[in-house]
1. Which of the residues belonging to segment B:42-76 are farther than 22 Å from A:Gln64 by Cα and without any contact (Cβ under 8 Å) to a residue 40 or more places away in the chain?
2. So for segment B:139-147 (the condition being more than 8 Å from chain A (Cβ to nearest Cβ) and either aliphatic (A, V, I, L, M) or not in a loop (DSSP other than H, G, I, E, B) (or both)), does at least one residue qualify?
3. Just need a number here: residues in segment A:1-34 that are more than 14 Å from every other protein chain (Cβ to nearest Cβ) and either surrounded by 14 or more Cβ atoms within 10 Å (Cβ to Cβ) or assigned to a helix (DSSP H, G or I) (or both).
4. Every residue in segment A:53-70 that is more than 19 Å from B:Glu65 (Cα to Cα), out of contact with any strand residue (DSSP E or B) (no Cβ under 6 Å at 6 or more places or on another chain) and not basic (Lys, Arg), please.
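Here, each number is a calculation from the coordinates, and none is a lab measurement. Computed from a predicted structure; not experimentally measured. Cβ atoms come from the backbone with ideal geometry, glycine included; neighbour counts cover every protein chain shown.
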Amino acid sequence: MKIKIELFGAARDFSEEDYLELNISENITIKEVRTNLMNYIQNKYPDNVNYLEIVKNSAFANDQDVIVQDNYKLSKEKKLCIIPPVGGG
Amino acid sequence: MFHGKVIDTSKETISLDKAQKFIESQQCGASLFFIGTVRNHNNNKQVTGITYDTHDSIVEKSFKEISDEAISTITAEHPIIFIEHAKGYLPLGGISIVIAVAAKHRGQVYDLSRFIIEEIKKRTPIWKKEHYNNEETTWLEGTPVIDK
């Protein structure tokens, strides 16, 4: 299935759009989404270790706008948001 | 009482008057404003402005959670909290955040204000992209919000 990942902060540089789409299996965990996204980044930007670091250190928010951890299993979500390391103020 | 909002700088600006009016109360003997502004240097670079990116709904939810935690941790009496954070481009001197608090005593407002800004920096989904003289830009490194 296709999932839309909305991009924020430094992750906005991953695409000219404000999102990207990944093909993933159903019922996978956030940890597996992260691995899928890292593979996508490695294919698209093979020399960019910074982008991989961003994905490695990012959290994800589900479609209820709740930040979820690596063991969270996707059910009906069609959309996630990537939450890179934060630093407002 | 609580107010927390993301302000889109292309449409409006953060208003200190609005904050002042919100926190006015005859029950409170102390009020305090924390104002964050864009400064002209960082990491030995000349900064010309900052673009703030935010996940608006999580930010506003986070402001409320942090405020509730601050009130219960500090046991502030008659607390009033007003938080606004900018989204979009701000030039040097632009106001990025206002945390205006009022409570019964001065110690409570100092503690509330400090608690709130430190927690926002640690866990609220806001990001900064600095702009420099040579038209380069950099997303600043931040604090991961994932469990490791």
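1. Answer for segment B:42-76, where residues must be farther than 22 Å from A:Gln64 by Cα and without any contact (Cβ under 8 Å) to a residue 40 or more places away in the chain: B:Asn43, B:Asn44, B:Ser72, B:Thr75, B:Ala76.
2. No, segment B:139-147 contains no residue that is more than 8 Å from chain A (Cβ to nearest Cβ) and either aliphatic (A, V, I, L, M) or not in a loop (DSSP other than H, G, I, E, B) (or both).
3. Qualifying residue count, segment A:1-34: 7.
4. A:Glu53, A:Ile54, A:Val55, A:Asn57, A:Asp70
Residues checked against (1) under 15 Å from A:Ile3 (Cβ atoms); (2) within 14 Å of chain B (Cβ to nearest Cβ); (3) buried (at least 21 other Cβ atoms within 10 Å of the Cβ):
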| residue | (1), (2), (3) |
| --- | --- |
| A:Leu37 | yes, yes, yes |
| A:Gln42 | no, no, no |
| A:Asp47 | no, no, no |
| A:Asn62 | yes, yes, no |
| A:Asp65 | no, yes, no |
| A:Asn71 | no, yes, no |
| A:Ser75 | yes, no, no |
| A:Ile82 | yes, yes, yes |
| A:Gly89 | no, yes, no |
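Results for (1) surrounded by fewer than 21 Cβ atoms within 10 Å (Cβ to Cβ); (2) over 11 Å from the mean Cα position of the chain (by Cα), shown as yes or no for each residue.
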{"position": "B:Ile80", "(1), (2)": "no, yes"}
{"position": "B:Ile95", "(1), (2)": "yes, no"}
{"position": "B:Ala103", "(1), (2)": "no, yes"}
{"position": "B:Ile117", "(1), (2)": "yes, no"}
{"position": "B:Thr138", "(1), (2)": "yes, yes"}
